Amino acid sequence: MIARRALAPVTAALLAAPALVTRASAQGAPIRIVVPFPPGGSVDTVTRLMQPHLQAELGTTIVVENRGGASGALGTAQVARAAPDGQTFLMVFDTHATNPTLIPNIGFDTRRDLAPIWLLGTAPNMVLAHRTRPWTSIGALVEAAKAAPDRISYGTIGNGSLAHLGMVLAQRVGGFSMTHVPYRGGGPLATASMAGETDLSVATGTIFVEHLRQGVLRPLAVMGPRRRAGLPDVPTIAEAGLPGVEAEAFWGMLAPAGTPTPVIARMEAACRRATEVPEVRERLTGIMGIELVNGGGDAFAAFLERQITTWGRVIRENDIRPD
């Protein structure tokens, strides 16, 4: 009996050893942030902007991994199926809220399989004309589109993106018709826009910083409730004559469901502190035009629920299909 009692602490320690080793090996291991779009888009830009500051806050290597396809659904599915061990995270864009309705057999449950961590902020989509096209206002554009239905083209980051859905609403309100050209993410759209492949480009200004600086694209309107601070002379699309059309993009981080609460809290805090770095904040707000929210997991979950409900209805009512 005495021998068994003496051995009990040793036995317990041996049994606990594998778990202790596992936890120890995880400490300092690289953290992977999946960007479910090709390089060059706004999600990729935001994530890489924050990467060095997250590394400093968390004390480990942050690996940004681009996994594009299906409007962000392929990379998101990979994270939804990942182990909830605090080593895998996901940065998403507005298609995260439209994909559940747009892609019925998506392969995961957006609400159940992913844990919202942090809502970075929002930015209105913009309607921009290539400098080689003649329109200087939404009024002139609508008049031209009515005169030649489906002859004017507009590019977005993909079918079912809020830019696409916003333009669907705009055409319904204004009684005109244009041709949608979906690209596979912000990077490809930015390249095509620079070359003038479409008459219009519709997206947030985050991927068009150089286009605007060089005058390659001419902003006609913003799809938000107010004018953008950096472009005070550009009207909202409602001011331009198309009321009730708002489509604001968003950026946020999630993790596989079941990721421990302390891990989520630590990542959320690190993200907040990264946005407090002056050069990061200036890039996000002053240059990219993102209105910071810095909302926590509960706030992000409620925000996502509203977005999924609102845009799901638009997708169903207009019979929008995936690419």
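Mean residue ellipticity at 222 nm, helices only, the chain: -13500 deg cm²/dmol; runs of at least 4 DSSP H residues each add -39,500 (n - 2.57), and the sum is divided by the number of residues. Based on alpha carbons, the Rg and Dmax found for the range 124-223 are 12.0, 33 Å. Shape verdict for the range 81-181, please, from the Cα gyration tensor: rounded (a/c under 1.5), prolate (a/b greater than b/c) or oblate. It is prolate, given that a/c is not under 1.5 and a/b is the larger ratio.
Among 293, 173, 92, the residue with the largest mean-square fluctuation in a Gaussian network model of the chain, with springs joining Cα atoms closer than 10 Å, is 173. Based on C-alpha pairs under 8 angstrom that are at least 6 apart in sequence, the range 82-191 has a relative contact order of 25 percent. Of all DSSP beta bridges confined to the range 124-223, the antiparallel ones make up roughly 60%. The modelled label-to-label distance for the pair residue 109/residue 65, using points 7 Å beyond Cα in the direction of Cβ, is 2.4 nm.
Each residue in 118, 135 was given a count of other beta-carbon atoms within 10 angstrom of its own, and listing them fewest first yields 135, 118. Here the Gaussian network model covers the chain, with springs between Cα atoms less than 10 Å apart; of 254, 231, 119, 231 fluctuates the most.
Which of rounded, prolate, oblate describes the range 241-287, given a ≥ b ≥ c as roots of the alpha-carbon gyration tensor eigenvalues and a/c under 1.5 marking rounded, otherwise prolate only if a/b is larger than b/c? Here the range 241-287 falls in the oblate category. Only the Cβ atoms of Lys and Arg (+1) and of Asp and Glu (-1) were treated as charged; on that basis the dipole of the range 124-223 about its Cα centre amounts to roughly 60 debye. Rounded to the nearest 20 debye, the dipole size of the chain about its Cα centre is 580 debye, using +1 on the Cβ of Lys and Arg and -1 on the Cβ of Asp and Glu. Annotation: the antiparallel percentage among DSSP beta bridges lying fully within the chain is about 60. Ranked by how many other Cβ atoms sit within 10 Å of their own Cβ, fewest first, the residues 198, 98, 61 fall in the order 61, 198, 98. Among the DSSP helices (H) of the chain, those spanning at least 20 angstrom by Cα along their long axis with an average Kyte-Doolittle hydropathy of 1.0 or more are 2-26; this is a geometric and hydropathy rule only. Normalising the average separation of contacting C-alpha pairs (under 8 angstrom, six or more residues apart) by the number of residues puts the relative contact order of the chain at 27 percent. Footprinting exposure proxy ranking of 181, 35, fewest other C-beta atoms within 10 angstrom first, gives 181, 35. Computed on the Cα trace of the chain, the radius of gyration divided by the Kirkwood hydrodynamic radius gives Rg/Rh = 1.08.
Every number here is computed from the coordinates shown, using simple stated rules; none is lab data. Bear in mind the structure is a predicted one, so any value in this text is a computation, not a measurement. Here Cβ is always computed from backbone atoms with ideal geometry, including for glycine, and neighbour counts include all displayed protein chains.
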